[in-house]
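Heads up, the thing below is written out as structure tokens.
The values are calculated or read from the model by the stated rules, or taken from the named source; none is laboratory data. Everything quoted here is computed from the prediction, not taken from an experiment. Methodologically, a virtual Cβ is constructed for each residue, glycine included, from the backbone with ideal geometry; neighbour enumeration extends over all protein chains shown.
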Amino acid sequence: MTEVPPAETPSPEEFATFRQEVRTWLQRNAPTPPAFQLPDSFMEVGKPEQFAFLQAWQRKVYEAGYLGMAWPTEYGGRGRPQAYQRIVDSEMARANVPFMVNVIGLMWAGPVIMQLGTETQKRRYLPKILSGEEIWCQGFSEPEHGSDLAAATTTAVRDGDEYVLNGTKIWTSLGTEAKHMILLARTDPNAGSKYKGLTFFLAPVDVEGVEKRPIQKMTGEYGFNETRFDNARIPADCVLGQVGEGWSVAVTTLMFERGASEGQAGGLAMVPLRVSDVVELARQCRLDGVPAIEDPQVRDRLVGFAIEERAHALNMARARNQALTRDRPFAIMMMNKLTFSEFRRRLSAFAVSLEGANAGRYMGDPHAIEGGEWQRHYMNAFSATIGGGTSEIQRNIIGERLLGLAKG
């Protein structure tokens, strides 16, 4: 793994100065909302105008120096402590600016390339991940195997200086815009165990033999895709790690995807949903003829959500303090994906319930409250409880690996 040169620990004053710098830059440079609707997250980018807008925003943020702050300078980063990136990300959430479109590259592909890639691969891929010039997607799930990633049947057969790919991947977010895919494929079907004989590729998906089929979601949006490989040829030097040892590379990638490992290049992955937004909605909606915010049960639920929201923020700070996580150093970060995705789903469901009979109205209905956005948030929230491992899988991992419970 490439090590960032050690730096002196910045003082609180330096952090405060930097935070104000970022806040000022965002105030001056936050993009004006476009005439068209922006998606909730990178998983709903389905229209060319959405993609172009978000790609231009990522490029602007990167050129300002606010992406990849902890990545080495030789790979396009800034070579500064990760704490600076956390400040940038928190200020982006505070300013409610658009998310970064190249989330898979910034959060998963880039960090795993940084940790396991060759020098050539790092120099080839990392700068263009940061700039958003080259978009990445993920090729783990398959139509017949769901969360059982190790059961992958997509094959990669060596033919000279190339591998020939055959098979199908599904739920490939950003697939129509991606140039590369982090791909798990079977190179040795006779390895004896489903965890053996898999190889991890940094596969180009703009080559002949790759077909991308957009999938419409229940919200009416696109973003997910089915990607089919029919004798698609990719260079042999696309292998990341060792041939046949792709499962360990995939596990490393999932540690970044689920937030258990740090090293991501930063930026938001989705539109933030805040309890304060639901409080404002409760002021607008009426229950028995009075504002819903005046109902004791509504207020009690809102307080509960506010406590969860605050606890989540404090746990993220706690996770970075080794003295507080010595017994189970990865526990909080492993739980983060589960708790955050489920919190987002429950919060948006409660917001919709406040609307009463209007909850059935959707975007495009002139009488929909807040344009039907909360209904859209609610339906989109389910994707985060599935992608990166379903909530059920996450609970199994926490129980078996962190708590040492027996397998059910």
- prompt: In the range 155-171, what residues are crowded, with 21+ Cβ neighbours inside 10 Å and under 21 Å from GLY241 (Cβ atoms)?
  reply: ALA156, TYR163, LEU165, LYS169
field: Wholly enclosed strands (runs of 3 or more DSSP E) of the range 187-280 bearing at least 1 residues of a type in the set (Lys, Arg) and either more than 20 Å from the chain's Cα centre (by Cα) or within 20 Å of GLU177 (Cβ to Cβ) (or both)
entry: 210-215, 224-235
Residue identified as charged (D, E, K, R) and either in contact (Cβ under 8 Å) with a residue 40 or more places away in the chain or closer than 30 Å to THR199 by Cβ (or both) among GLU308, GLU257: GLU257
task: Considering only the range 145-183, state which residues are in contact with a strand residue (DSSP E or B) (Cβ under 9 Å, 6 or more places away or on another chain), of a type outside the set (Phe, Trp, Tyr) and assigned to a loop (DSSP other than H, G, I, E, B).
output: ALA152, THR153, THR154, ASP161, THR172, SER173, LEU174, GLY175, THR176, GLU177, ALA178, LYS179
- prompt: Quick one: what pairs do we get from the range 4-19, first residue closer than 26 Å to MET114 by Cβ and at pLDDT 95 or above, second hydroxyl-bearing (Ser, Thr, Tyr) and in a helix (DSSP H, G or I), C-beta under 9 Å, 6+ apart or different chains?
  reply: PHE18/TYR84; ARG19/SER90
field: Unmet requirement for ARG318, which otherwise passes all of (1) surrounded by fewer than 16 Cβ atoms within 10 Å (Cβ to Cβ); (2) touching a helix residue (DSSP H, G or I) at 6+ places or on another chain (Cβ under 7 Å); (3) at pLDDT 90 or above
entry: (3)
query: ILE104 passes all but one of (1) in contact with a Cys (Cβ under 9 Å, 6 or more places away or on another chain); (2) more than 29 Å from LYS122 (Cβ to Cβ); (3) of a type outside the set (Gly, Ala, Ser); which number fails?
result: (2)
task: Just one of (1) surrounded by fewer than 20 Cβ atoms within 10 Å (Cβ to Cβ); (2) out of contact with any Phe, Trp or Tyr (no Cβ under 8 Å at 6 or more places or on another chain); (3) under 21 Å from ILE386 (Cα atoms) trips up ALA150, so point out which.
output: (2)
- prompt: If we keep just the residues of the range 371-396 that are over 16 Å from LYS217 (Cβ atoms) and buried (at least 18 other Cβ atoms within 10 Å of the Cβ), which is nearest to the chain's Cα centre (by Cα)?
  reply: GLY388
task: Kindly indicate whether PRO127 is buried (at least 16 other Cβ atoms within 10 Å of the Cβ) and farther than 17 Å from LEU240 by Cα.
output: yes
Subset of the range 353-405 that is in contact (Cβ under 8 Å) with a residue 60 or more places away in the chain and of a type in the set (Ser, Thr, Tyr) - its residue that is farthest from PRO291 (Cα to Cα): THR390
query: Looking at GLY65, GLY117, which is the one that is out of contact with any His (no Cβ under 9 Å at 6 or more places or on another chain), over 20 Å from GLU257 (Cα atoms) and outside the structural domain of PHE224 (by TED's automatic domain parsing)?
result: GLY65
Count of residues meeting criterion [surrounded by 21 or more Cβ atoms within 10 Å (Cβ to Cβ) and under 17 Å from THR154 (Cα atoms)] in the range 213-239: 6
query: For the range 277-293, which residues satisfy the criterion of being hydrophobic (A, V, I, L, M, F, W, C) and either touching a residue at least 12 places away in the same chain (Cβ under 8 Å) or surrounded by 13 or more Cβ atoms within 10 Å (Cβ to Cβ) (or both)?
result: VAL278, VAL279, LEU281, ALA282, CYS285, LEU287, ALA292, ILE293
message: Looking at the structure I just gave you, is ASP206 touching a strand residue (DSSP E or B) at 6+ places or on another chain (Cβ under 9 Å), more than 21 Å from TRP171 (Cβ to Cβ) and either assigned by TED's automatic domain parsing to the domain that holds TRP57 or surrounded by fewer than 17 Cβ atoms within 10 Å (Cβ to Cβ) (or both)?
response: no
